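The values are calculated or read from the model by the stated rules, or taken from the named source; none is laboratory data. Just so it is clear, the model here is predicted, and its values are computed rather than measured. When we count neighbours, we look across all protein chains shown, and the Cβ atoms used for this are built from the backbone with ideal geometry, even at glycine. We work out accessible area using only protein heavy atoms, side chains counted, and drop any ligands, DNA or RNA first. Shrake-Rupley method; radii C 1.70, N 1.55, O 1.52, S 1.80 Å.
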Amino acid sequence: QVQLVESGGGLVQPGGSLRLSCAVSGSAFSPYFMAWHRQAPGKQRELVAGITGGGNTNYAAAVKGRFTISRDNAKNTVYLQMDDLKPEDTAVYYCYALVSRTGYWGQGTQVTVSS
């Protein structure tokens, strides 16, 4: 059974940095596509950043230039480096992986940006 385990969330002051990690286990195949989404209270879940197995990336306009997505295919792990964090980045961040045409979600990790 495919499982996604996230780590790295927490409380940070505005302007600070956090690095999220998401490890995929239980699959014989490397995920074709991996991504981070987030959901703030009272808002819909939105795509933050995505990355293909070949390393092609895309970002939401709100985070472009501040966040960097990367992956280690050997470890089936995706990372999200978040710099210059703002209060509006506060949300639960979810990892997503597309494995053999099936999408899987992590349990979510809370990121809170506050002074």
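Probe 1.4 Å, all protein chains in place: accessible area of Glu88 in Å², nearest 10?
Spelled out: Glu88, probe radius 1.4 Å, area about 120 Å².
Based on the Cα coordinates of region 1-62, what is the per residue volume of their convex hull in Å³?
Enclosed volume per residue, from the Cα hull, is 126 Å³.
Which lysines does Lys86 reach when only Cα atoms under 26 Å apart count, and residues fewer than 8 places away in its own chain are ignored?
Lys43, Lys64
Quick one: accessible area per residue over the chain, 1.4 Å probe, rounded to a whole number of Å²?
I get 53 Å² per residue for this part.
Test of the criteria: in region 1-62, which chymotrypsin sites (Phe, Trp or Tyr not before Pro) are in a DSSP loop and have at most 13 other Cβ atoms within 10 angstrom of their Cβ?
Sites meeting the loop and neighbour criteria: Phe29, Tyr32.
Each residue of region 59-68 in turn: what ³J(HN,Hα) in whole Hz from Karplus with 6.51, -1.76, 1.60 and θ = phi - 60°, glycine and Pro shown as x?
Residue by residue, region 59-68 yields 9, 5, 4, 5, 10, 4, x, 10, 10, 9 Hz.
Viscosity 1.567 mPa s, temperature 4 °C: what is the translational diffusion coefficient of the chain from Stokes-Einstein with a Kirkwood Rh over Cα pairs, rounded to a whole number of µm²/s?
Here the translational diffusion coefficient equals 92 µm²/s.
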